[in-house]
Amino acid sequence: MADLAGHWDYLQTEWQAAQAAPLSRRRALLVAALIDAYVDRLFAAAPDEGDILAFRTRLAGVSPALALVFALCAQHDDGTRLVVEAVEVPIADYGSLGVEDFMVSLYNDHSVQRVLIGLPDGSRPLAQTVLADAMVALSSYSRT
């Protein structure tokens, strides 16, 4: 039987560490991999599910964030990867920036560095937002 509670606790700990290090691709990738592995453990704990690919497809259909995590962790040659790039911060959002980001943005044409998920279509969602949404999606599943 999969130790869901232990894995969830470890995932939560690493998620908190990733939030404290928002420019760390390594931490973001670790959280993505732990989310991906947690889904495998959810499947193992649900004997009625039958097919793991169907299970993962169903979860991806319910949560676009999980679909992005699955694509990132699959490491296909389609170009899905973590990247660190400058992201423009609108002046109206400056009040929500931490002191460090505010100072960086002043000297970098109103932009700050962020970890993004580079997708084949050229879009680049914020990794922290995707991971947060995936964590919320998983939080509704039983850990017993």
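Which residues, taken from segment 42-68, are among the aliphatic types (A, V, I, L, M) and assigned to a helix (DSSP H, G or I)?
L42, A44, I52, L53, A54, L59, A60, V62, A65, L66, A67, L68
When you go through V31, V104 one by one, which is the residue that is in a helix (DSSP H, G or I), within 27 Å of T13 (Cβ to Cβ) and either without any contact (Cβ under 8 Å) to a residue 12 or more places away in the chain or open to solvent by less than 20 Å² (accessible area, probe 1.4 Å) (or both)?
Just a single option satisfies the conditions, and that option is V31.
Do we have S123 as open to solvent by less than 50 Å² (accessible area, probe 1.4 Å), over 17 Å from the mean Cα position of the chain (by Cα) and farther than 23 Å from Q16 by Cα here?
No, not satisfied.
Search segment 111-140 for residues that are without any contact (Cβ under 8 Å) to a residue 40 or more places away in the chain and pair each with any residue that is buried (at least 17 other Cβ atoms within 10 Å of the Cβ) and in a strand (DSSP E or B) when their beta-carbon atoms are under 7 Å apart and the residues are at least 6 apart or on different chains.
Note: pairs meeting the criteria are L126/R114; L126/L116.
I need the full set of residues from segment 107-144 which are in a loop (DSSP other than H, G, I, E, B) and closer than 21 Å to R81 by Cα, in order please.
The initial filter retains those residues of segment 107-144 that are in a loop (DSSP other than H, G, I, E, B), namely 108-110, 119-125, 140-144.
Across segment 107-144, the qualifying residues are L119, P120, D121, G122, S123, R124, P125.
Please go through segment 69-85 and give me each residue that is open to solvent by 70 Å² or more (accessible area, probe 1.4 Å) and in a strand (DSSP E or B), ordered by number.
Hit for segment 69-85 is R81, nothing else.
Just one of (1) open to solvent by 70 Å² or more (accessible area, probe 1.4 Å); (2) at pLDDT below 95 trips up A45, so point out which.
(1)
On the basis of being touching a helix residue (DSSP H, G or I) at 6+ places or on another chain (Cβ under 9 Å), of a type in the set (D, E) and either closer than 19 Å to S140 by Cβ or modelled with pLDDT under 95 (or both), does D36 make the cut?
Working: touching a helix residue (DSSP H, G or I) at 6+ places or on another chain (Cβ under 9 Å): yes; of a type in the set (D, E): yes; either closer than 19 Å to S140 by Cβ or modelled with pLDDT under 95 (or both): yes.
Judged against the criteria, D36 is a match.
Before we move on, is V99 farther than 23 Å from V136 by Cα and in contact with a Ser or Thr (Cβ under 9 Å, 6 or more places away or on another chain)?
When the stated conditions are applied, V99 does not pass them.
The values are calculated or read from the model by the stated rules, or taken from the named source; none is laboratory data. Here the structure is a predicted model, which means the values were calculated and not measured. Positions of Cβ are generated from backbone atoms using ideal geometry, with glycine treated the same way; all protein chains shown enter the neighbour counts. When the accessible area is computed, the model is the full protein with side chains, heavy atoms only, and any ligands, DNA or RNA have been set aside. Shrake-Rupley method; radii C 1.70, N 1.55, O 1.52, S 1.80 Å.
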